[in-house]
Amino acid sequence: AGYGSALLPGSDSVTVAGVNDGGQVAGYWPARGSVLRGLGISQGGIVEYGDCQPAAINNAGQVACAYGATRYSSGVLEYRQPVGSRATGITEQGTIYGMGIGGTWSPFLWTPQGETTLPGFVSATGKVNSLGHGAATSGSGLYFQGLLTRATGVVGLGGTGRYSAALGLNDADDVVGSSESMGSGYTLGILWRAANGWITQSLGVRTRRAVGISETGLVVGEGADGPFLWRGDRYALLSDVVAESGWIFTGTPAISRNGTIATYGIHASSGRRGVLLIPPGPPVPGVSLAWFDLQRCLGAAYATAGFGVESACSQACESKGSAQYCLTRRQWHSIVWPLK
């Protein structure tokens, strides 16, 4: 079965920064004046975060903003780290991961109660898992290396050329990123599995960088032919794994712990839109294939028969054994997602 798909509400030019298991997406719209419009997007609509460039979102819906190491929740500023720091990830407990504490560029973990500087000088940081371990990159110019940073030390991540970059990880400490393809002038997507001692594994010559990994080992990234999904040691374009045909995905994808994907694409009937891709399998509370099946049913039926179709659509949804996730018409009109 292919991934289910649903349009994200709002602008046709949203940049996706992260997605959680409940289908909440953190991203931003283009600058208005000199200010980016940070966004939290969900089935319930859009929340703006002010002068925030979201970097990551956890399953509690807390968003880490890249500059000033800010944390928001439901549009409310919870705390702000001193100027000069940059957040790039957030744990499930709400701890921020980033760099730039105390005039250094070391990676750090930060809460309002204080910060912990992790070992290793870095020039850029990636994401953080629920254990507080981070994916980081050390060095400068053409010579830098991906790192797995932990309170107990640093694991160096090799590559296929002069440099590597660590961009994402999961709770198993599996890390994804990129490395130079020696002599080719481009990079390759890379996976470093903890179970294999973080040996460098290329994801194939059509990949350019891997940016996220789920808890089950699904990897997303950017490639020569567009955004890709790597699963079961096999490479596929995102446009080939989604159930609805006609999509051309162009945005950098993000993936949640359970494999929910958010990206940006173009469709003949929808135009340019942000898109949420729901993995096949048993329904997940808050986001389910049944919910999107009903969305399509209602959208098609309303276009031809008006509003007297709720019963038939609900029955179709219930027949899938997922009645608890089906929306009534009243619930449907309380949200802002467009019918499709």
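Descriptive notes on the structure:
- Derived scalar couplings between HN and Hα for segment 256-264 equal 8, 4, 8, x, 5, 10, 10, 7, 9 Hz in order, rounded to whole Hz, by the Karplus curve 6.51 cos²θ - 1.76 cosθ + 1.60 (θ = phi - 60°), x for Gly and Pro.
- Taking a ≥ b ≥ c as the square roots of the eigenvalues of the Cα gyration tensor, an a/c ratio of 1.5 or more together with a/b no larger than b/c marks segment 157-281 as oblate.
- Among the trypsin sites (Lys or Arg not before Pro) within segment 126-186, those in coil by DSSP and having at most 14 neighbouring Cβ atoms inside 10 Å are Arg162.
- Restricting segment 153-200 to chymotrypsin sites (Phe, Trp or Tyr not before Pro) in coil, as DSSP defines it, with at most 15 other Cβ within 10 Å: Tyr186
Here, each number is a calculation from the coordinates, and none is a lab measurement. These numbers come from a predicted model, not from an experiment. Counting neighbours? That spans all protein chains shown, and the Cβs are built from the backbone with ideal geometry, glycine included.
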